[in-house]
Amino acid sequence: MLLSSKPVNYFHGGTMRISELADSTGVSVATIKYYVREGLLSPGRKLSERLADYDDQHVRRLRLLRVLRDVGAVPVGALKALVDATQDRSASVHDMFGKACDALRTETTVPETSDIHLRELADQIVDRAGWTKVRPDAPERDHLAGIISVILDSGLPTDPEGAATYLPLVDALATYELDQIDATQDREAMMEQMVVGQVVLGEFLLCLRRLAHEHHSALRFAERR
């Protein structure tokens with residue numbers, strides 16, 4: 001397997017002061033304090049009025065937050081939603097993942113659309129894929145409808161039959177990625193795997209796709225003037 005979505009075992013035991021936590025994670029002391037104030041990171045264990053220590057759970061959370069901010073440009077509001085989803089013990093792991101997917105939706109230039117026909121096209125694509133467990137009100141359905149609107153304006157084909165070419169590939173990819181999540185872990189560790197897979201491996205796949213386009217473009221069009 002070329003890449004694994006399993007988290008790296010970077011825990012080293014013991015406790016550390018905030019300066020050591022910053023050195024260990026590459027996150028500044030000021031940012032750590034900000035995350036604590038915003039509820040994204042639990043406070044350290046109080047040693048005195050102005051002194052606290054931190055442990056490996058803080059290291060894990062900070063490294064996850066750093067990936068989300070640096071690679072995924074995930075806004076603070078979305079980070080809060082991810083933390084809340086992890087801590088909601090009444091929700092199933094599946095529901096937790098659903099909330100995480102919604103939270104990870106970044107700002108997009110794709111316009112919203114109220115066109116019922118476009119939403120029906122989006123729903124047809126989901127149905128054609130056999131994704132019967134997708135929520136009827138999942139935000140990505142509306143996002144897909146907006147993307148279809150942009151494609152229509154560009155003159156490219158948008159019918160469900162054309163989209164069907166991609167569906168088996170996407171379905172196999174999603175199945176593979178979910179299979180990599182170790183279900184014996186605690187909720188936070190599973191959330192970490194899922195989120196890192198969404199953000200980092202998503203960028204990895206986009207990068208590979210662009211490289212593949214360059215290769216096949218050269219094969220097909222290099223001699224054309």
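The values are calculated or read from the model by the stated rules, or taken from the named source; none is laboratory data. Please read all numbers here as calculations on a predicted model, not as lab measurements. With ideal geometry, Cβ positions are generated from the backbone for all residues, glycine too; neighbour counts draw on all protein chains shown. To get the accessible areas, we keep the full protein, side chains included, count just its heavy atoms, and leave off ligands, DNA and RNA. Shrake-Rupley method; radii C 1.70, N 1.55, O 1.52, S 1.80 Å.
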Inset, instruction - State the number of residues belonging to segment 165-180 that are at pLDDT below 90 and in contact with a Lys or Arg (Cβ under 9 Å, 6 or more places away or on another chain). - result: 1
Legend entry - Residue tally, condition in contact with a helix residue (DSSP H, G or I) (Cβ under 9 Å, 6 or more places away or on another chain) and either surrounded by 12 or more Cβ atoms within 10 Å (Cβ to Cβ) or modelled with pLDDT under 85 (or both), over segment 21-33: 9
Legend entry - Residue list for segment 27-77, restricted to those being touching a residue at least 40 places away in the same chain (Cβ under 8 Å) and either outside any helix (DSSP H, G or I) or more than 28 Å from Glu203 (Cα to Cα) (or both): Glu38, Gly39, Leu40, Asp55, Val71, Gly72, Val74
Inset, instruction - State all residues of segment 34-53 that are modelled with pLDDT of 85 or more and open to solvent by less than 20 Å² (accessible area, probe 1.4 Å); if no residue qualifies, say none. - result: Tyr35, Leu40, Leu41
Inset, instruction - Would you tally the residues in segment 80-105 being farther than 22 Å from Val200 by Cβ, of a type outside the set (A, V, I, L, M, F, W, C) and in a loop (DSSP other than H, G, I, E, B)? - result: 4
